1. Name the residue that is farthest from Ala182 (Cα to Cα), counting only residues in the stretch 245-276 that are among the small types (Gly, Ala, Ser) and open to solvent by 60 Å² or more (accessible area, probe 1.4 Å).
2. What do you reckon, is Leu156 under 17 Å from Asp116 (Cβ atoms), open to solvent by less than 50 Å² (accessible area, probe 1.4 Å) and in contact (Cβ under 8 Å) with a residue 12 or more places away in the chain?
3. Would you confirm whether or not the stretch 167-187 contains a residue that is part of a loop (DSSP other than H, G, I, E, B), under 24 Å from Thr255 (Cβ atoms), out of contact with any His (no Cβ under 8 Å at 6 or more places or on another chain) and at pLDDT 95 or above?
4. Out of everything in the stretch 15-28 that is closer than 13 Å to Gly2 by Cα and assigned to a loop (DSSP other than H, G, I, E, B), what residue ends up being least open to solvent (accessible area, probe 1.4 Å)?
5. Specify the residue that is surrounded by the most Cβ atoms within 10 Å (Cβ to Cβ); the eligible residues are those in the stretch 133-149 that are among the hydrophobic types (A, V, I, L, M, F, W, C) and farther than 19 Å from Gly223 by Cβ.
6. If you check Asp99, Asp95, Asp79, which single one turns out to be open to solvent by 30 Å² or more (accessible area, probe 1.4 Å), among the charged types (D, E, K, R) and touching a residue at least 12 places away in the same chain (Cβ under 8 Å)?
7. Just one of (1) open to solvent by 30 Å² or more (accessible area, probe 1.4 Å); (2) under 21 Å from Lys279 (Cα atoms) trips up Gly186, so point out which.
8. Is one or more of the residues making up the stretch 209-225 in a loop (DSSP other than H, G, I, E, B), open to solvent by 40 Å² or more (accessible area, probe 1.4 Å) and either of a type in the set (Ser, Thr, Tyr) or under 28 Å from Phe28 (Cβ atoms) (or both)?
Amino acid sequence: MGAQIWEEHGYIYAQAERLRGVDIQLDFPSVGATENLMMAAVLARGRTYIRGAAKEPEIIESQNLLNKMGAKVRGAGTDVIIVDGVEDLGAANHDVMPDRIEAGTFLMAGAITGGDILVGPTVPEHLTAVVAKLKEAGVHFEVVGEDLRVVAPRMLGGVSTRTMPYPGFPTDLQPQFVALMALAHGASLITESIYPNRFRHVDELRRMGAQIAVKGETAFVKGVPRLTGTTVEATDLRAGASLVLAGLAAEGETTITNMYHVYRGYEQLTEKLVGIGAKVIES
């Protein structure tokens, strides 16, 4: 697209007078890469093709907002996005869609505690893969308008899954699902095909009594009757969310350090959990 990019003293620099439209082929349908290329292309000179684009709902949401601002973007939700550059963008009002990862986390919170909760607003079709796996584990669902009611049994069954680009099972819910399967009856295999190193939560779950072994891209989970509260560390956003779920279901008190990772992705998390009956205290 015409940018000059270089690394110096640990920093990455990028510079361009004006980008130009080109034909881009992504080797992997990355959400972040697709969104960044879309935003770079809207003010570039000429037409940009983004092939092998990610298809997540967030890509469509980005297109909708950019077009409200005067951009010319089409094709979001397919594997080819076409962007015709414009001279400038203007202000726009836009209502952000419900966060499917936050919703999925609360669905699993209801499941791991054997609860009966209503999560909303949601876009149920954005959670199809997640709901399918939870149903396979024995969780019951009911669509109530824009909300999803989750009713969990006392004992979940072990379920295997593999993270995939949308509409597959999302990588951002893999750590929470591992925590859920740690208390399920039987064995589960959870394979991480998006970020192979995304198992940093496993060591912390083991500290709580989970039986999990990781080999390569797969976590082998053998469900245990109970987890025990202890002090654990949130190493990143979703790993921290998995520890919150484990703490909700564990016996005794769980202390999670470095919660700032989690708060950047879950607004008013403590208030929401307390609102559905959890015993959570911030310190």
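1. Gly275
2. Details: under 17 Å from Asp116 (Cβ atoms): yes; open to solvent by less than 50 Å² (accessible area, probe 1.4 Å): yes; in contact (Cβ under 8 Å) with a residue 12 or more places away in the chain: yes.
Yes, satisfied.
3. Looking for residues that are part of a loop (DSSP other than H, G, I, E, B), under 24 Å from Thr255 (Cβ atoms), out of contact with any His (no Cβ under 8 Å at 6 or more places or on another chain) and at pLDDT 95 or above, one finds at least one in the stretch 167-187, hence yes.
4. Gly21
5. Restricting attention to the stretch 133-149, the residues satisfying the condition of being among the hydrophobic types (A, V, I, L, M, F, W, C) are 134, 137, 139, 141, 143-144, 148.
Subsequent filtering for residues that are farther than 19 Å from Gly223 by Cβ retains 141, 143-144, 148.
Details: Phe141: 17, Val143: 12, Val144: 12, Leu148: 25.
Across the stretch 133-149, the extreme among qualifying residues is Leu148.
6. Values: Asp99 fails: touching a residue at least 12 places away in the same chain (Cβ under 8 Å); Asp95 fails: touching a residue at least 12 places away in the same chain (Cβ under 8 Å).
That would be Asp79, the only listed residue that is open to solvent by 30 Å² or more (accessible area, probe 1.4 Å), among the charged types (D, E, K, R) and touching a residue at least 12 places away in the same chain (Cβ under 8 Å).
7. Status for Gly186: all satisfied but (2).
8. Yes: the stretch 209-225 contains one or more residues that are in a loop (DSSP other than H, G, I, E, B), open to solvent by 40 Å² or more (accessible area, probe 1.4 Å) and either of a type in the set (Ser, Thr, Tyr) or under 28 Å from Phe28 (Cβ atoms) (or both).
The values are calculated or read from the model by the stated rules, or taken from the named source; none is laboratory data. Computed from a predicted model, the values in this text were never measured in an experiment. Neighbour counts run over all protein chains shown; Cβ positions are idealised from the backbone, glycine included. Accessible surface is based on the protein model in full, side chains and every heavy atom, while ligands, DNA and RNA are left aside. Shrake-Rupley method; radii C 1.70, N 1.55, O 1.52, S 1.80 Å.
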